[in-house]
């Protein structure tokens, strides 16, 4: 029995040390967790438009290797612990962005993705003569200034006609529509350059085809992956 006490002490010390290391390890893991936040509209909240419920934020955090084997290992989860806080909402306009921050708590490494502007165009800015897009830009700039997350990756608005005027669904002259889309995208890029990083969805989607869209303007399953593709290099370089 005399030999048991030192052994027990050594055992307790070992357990205590392991517990401390475990706690330290958990603390390190907690601090190394990357949280991806999505804000905006259906470009990021497009899960309802495909049968698998997939949206770009999910794919950026952890790829679906069954659906997209070519992206295997190209996600945040492949680099360590990652979490998605999905706040983007289908149908949102710039005025709805502040409501998407309700209850927001930011701890550790965080990255914000924002897509906004398409619904603002559809709800009247496609006819804009200047003041409306200026007001849109002011609201977006204020939102990003007040957002307690950095970096911010801000995308512009894609063209669901893929540059084909014969697919114009707006009921107005395509030249007017394209001018205002360009005006909005210029404003978005200027804001991104001031506060974060610009993601050129418009240029990327001009390389696509109608299979990238569903319900005329929404990202299809392929489109969700292509939105992911546009954001992917910018997200991965942040970690």
Estimated distance in nm for a label pair at residue 138 and residue 52, the labels positioned 7 Å out from Cα along Cα-to-Cβ: 4.4 nm
Folded to 0 to 90 degrees: helix 4-32 orientation relative to the chain principal axis, Cα: 10 degrees
Translational diffusion coefficient (Stokes-Einstein; Kirkwood radius from C-alpha pairs) of the range 154-209 at 10 °C, 1.306 mPa s, in µm²/s: 133 µm²/s
Cα-based helix-to-principal-axis angle, 221-236 vs the chain, degrees rounded to 10: 60 degrees
Contact order normalised by residue count of the range 77-148, Cα under 8 Å, 6+ apart, percent: 37 percent
Mean Cα-pair separation over length for the chain, i.e. relative contact order, pairs under 8 Å, 6 or more apart, %: 23 percent
Alpha-carbon spread of the range 141-239, three principal axes, descending order, Å: 41, 28, 19
Where only C-alpha atoms are counted, convex hull volume of the range 33-236 per residue in Å³: 107 Å³
Calculated FRET value between residue 238 and residue 66, using beta carbons and R₀ = 30 Å, to 0.05: 0.65
Between the range 112-142 and the range 51-97, the Cα center-to-center distance that results, in Å: 24 Å
Extension gain, residue 162 back to residue 215 (0.36 nm per residue minus Cα-Cα distance, nm): 17.6 nm
Length gained when the stretch residue 172-residue 145 is fully extended (0.36 nm per residue, less Cα-Cα span): 6.3 nm
Antiparallel %, DSSP beta bridges [both residues in the chain], to 5: 10 percent
Computed [θ] at 222 nm, helices only, for the chain once each DSSP H run of length n ≥ 4 contributes -39500 (n - 2.57): -13500 deg cm²/dmol
Per-peptide average of other Cβ atoms within 10 Å, ordering 191-201, 160-170 highest first: 191-201, 160-170
Taking 237, 218, 51 and counting other C-beta atoms within 10 Å, the order from fewest to most: 51, 237, 218
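Bear in mind that the values in this text are calculations on the coordinates, not laboratory data. What you see is a predicted model, and the numbers here were worked out from it, not measured in a lab. Glycine also receives a Cβ, built like all others from the backbone with ideal geometry; neighbour counts cover every protein chain displayed.
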